[in-house]
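Single-structure report; data block below.
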Amino acid sequence: MALWDRIKESASQMQTQLVAKKNDLKSGAFRDASMAMCALVAAADGTVDPSERQRVAQLIATNEVLQNFPADDLRRRFEQNLDKLTADFAFGKVSVLQEVAKAKKKPAEARAVVQIGIVIGGADGDFDKDEQAVVREACYALDLPPHEFDL
């Protein structure tokens, strides 16, 4: 199986798992951590292009799990995290990873945050090494083993 197909299949499996847990993913910690994760992945290469913003906006609007929260609120949180990352990536990443870490008290939420990162990273068909690296760092912030997610 080609790498591209494996990425698509993995992202699809992650989305299926997220939907199965939808009713467990309603906390503020999950909301904040998932938007921080989206910003981390979008800015993984140090820049944020309009297509990355569009992918996250589309995820916010269409993802069943994220529909537990008002879309405007999610978008605002995503943009706040992006602002931190674009102002100073290294310093902003520390702050954004602290947001991600909010979900570590509940293992189901922590795993779901990582899964959202993989879904966003794979949305363009290229879950590149920069994106994988920030999702791996998020795993550490959440006390999850990256190999559980093939990272």
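The values are calculated or read from the model by the stated rules, or taken from the named source; none is laboratory data. Computed from a predicted structure; not experimentally measured. For neighbour counting, all protein chains shown are included, and Cβ atoms are generated from backbone atoms with ideal geometry for every residue, glycine included. Note: areas computed on protein heavy atoms with side chains; ligands, DNA, RNA excluded. Shrake-Rupley method; radii C 1.70, N 1.55, O 1.52, S 1.80 Å.
Looking only at residues in segment 24-54 that are open to solvent by 20 Å² or more (accessible area, probe 1.4 Å) and of a type in the set (Asp, Glu), which one is farthest from ALA71 (Cα to Cα)? Can you show your working first?
Residues of segment 24-54 that are open to solvent by 20 Å² or more (accessible area, probe 1.4 Å), as a first pass: 24, 26-29, 31, 45-51, 53-54.
Those still in the list that are of a type in the set (Asp, Glu) too: 24, 45, 49.
Working: ASP24: 18, ASP45: 26, ASP49: 21 Å.
Per the criteria, the residue is ASP45.
The number of residues in segment 116-151 being out of contact with any Ser or Thr (no Cβ under 9 Å at 6 or more places or on another chain), more than 16 Å from ASP45 (Cβ to Cβ) and open to solvent by 20 Å² or more (accessible area, probe 1.4 Å) comes to 7.
Whether any residue in segment 54-65 is under 11 Å from CYS38 (Cα atoms) and without any contact (Cβ under 8 Å) to a residue 40 or more places away in the chain is what I want to check. Looking for residues that are under 11 Å from CYS38 (Cα atoms) and without any contact (Cβ under 8 Å) to a residue 40 or more places away in the chain, one finds at least one in segment 54-65, hence yes. Selection of first residues in segment 24-37 that are in contact (Cβ under 8 Å) with a residue 24 or more places away in the chain and of second residues that are among the aromatic types (Phe, Trp, Tyr) and surrounded by 18 or more Cβ atoms within 10 Å (Cβ to Cβ), restricted to Cβ pairs under 6 Å at least 6 apart or on distinct chains, gives the following pairs, ordered by first then second residue: ARG31/PHE69; MET35/PHE78.
Among the residues that make up segment 82-91, is at least one of them in contact with a helix residue (DSSP H, G or I) (Cβ under 9 Å, 6 or more places away or on another chain), assigned to a helix (DSSP H, G or I), buried (at least 22 other Cβ atoms within 10 Å of the Cβ) and not charged (D, E, K, R)?
The answer is yes; a qualifying residue exists.
Residues in segment 40-65 that are in contact with a Lys or Arg (Cβ under 8 Å, 6 or more places away or on another chain) and either in a loop (DSSP other than H, G, I, E, B) or not β-branched (Val, Ile, Thr) (or both): LEU40, ALA42, ALA57, GLU64.
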